[in-house]
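Report on the structure given below.
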Amino acid sequence: MVNIRDLDPSASPLDYYGSELRRLREAAGLKQGQLGDIVFCTGSLIGQIETARKVPTRDFSERMDAALGTGGTFSRLVGLVLRSQLPHWFQAYAEMEARAAYISTYQAQLVYGLLQTEAYARAVLGARTGDNLDARAAARMERQRILDRENPPLMWVVLSEAVLHQEIGGRKVMRNQLAYLLGLRGREWVKVQILPFEAGAHAGLPGSFTVLRFESDPDLVYTEDFVQGHMTANPQALREGSLRYDHLQAAALSVEDSAALIARVMEERYGHHPEPDGRAVA
């Protein structure tokens, strides 16, 4: 078992969080079990987080702040902790994504991460391995907090129609995911278009990509392969990415027609049909 006194608070955001939780809990004169009783969790969970063996959630952090009167210390720290759970090669992109003023993305296979429901994200992240799935899913959900800022980035998303038909996590998960996309119509700074199968050959055939634009920093193009991501501010790459995106937007259905297609697929493919075990999907 890890000895908490041997933890180095500077080793990682998770280690620092654990050391601060222990310090403030002891300063309040509380044992792990006593603090757990106050915030409705086990003392064992408190111990696991204090020893950096478990990643805290935002809800846990908010409860710690309330119980220990920290003035929001853990609510601020948890963002750093969760970002550190992203793949190391993705962390730089997540930082730039959070700073972007405008995000335009084409996705050929999956719903863009910022628009994924938690159940859909868990199914995507757990497709190869379930290791550390709770932390990885929490980190992806944490990325989405930029959409709730007072001045969120303007986001325009083009999804291949294949994304609607690729069943991720089962029909119920897909139905809820598509319903979530439809619900975004109420947010004027988020637009979703569908590139229909009828478009045939198109500018996005090489794969998914994202263009990030900033108020003062150089714009970026981001792509991924199965190993890692690639960001560049190369002017030629930016020109090519922007041109490809313009062509994709032009070939895609309008925002209104895209919503109609999403709704149709949601009902026809993921509607009230029985699952293989006979249960109906609501």
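The values are calculated or read from the model by the stated rules, or taken from the named source; none is laboratory data. What you see is a predicted model, and the numbers here were worked out from it, not measured in a lab. Every residue, glycine as well, gets a Cβ built from its backbone with ideal geometry; the counts of neighbours run over all protein chains shown.
Summary of computed values
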item	result
Leading residue by the ranking (farthest from His230 (Cα to Cα)) among those in the range 78-92 that are buried (at least 17 other Cβ atoms within 10 Å of the Cβ) and hydrophobic (A, V, I, L, M, F, W, C)	Val78
Verdict on Ile103 being in contact with a helix residue (DSSP H, G or I) (Cβ under 8 Å, 6 or more places away or on another chain), within 17 Å of Ala135 (Cα to Cα) and either part of a helix (DSSP H, G or I) or in contact (Cβ under 8 Å) with a residue 40 or more places away in the chain (or both)	no
Qualifying residue in the range 145-152 (condition: modelled with pLDDT of 95 or more, more than 27 Å from Arg239 (Cα to Cα), of a type outside the set (Lys, Arg) and assigned to a loop (DSSP other than H, G, I, E, B))	no
Residues of the range 195-234 that turn out to be of a type outside the set (A, V, I, L, M), without any contact (Cβ under 8 Å) to a residue 60 or more places away in the chain and assigned to a loop (DSSP other than H, G, I, E, B), as a count	9
Complete set of residues in the range 98-121 that are over 10 Å from the mean Cα position of the chain (by Cα) and either more than 23 Å from Val158 (Cβ to Cβ) or among the hydrophobic types (A, V, I, L, M, F, W, C) (or both)	Ala98, Ala100, Ala101, Ile103, Ala108, Leu110, Val111, Ala119
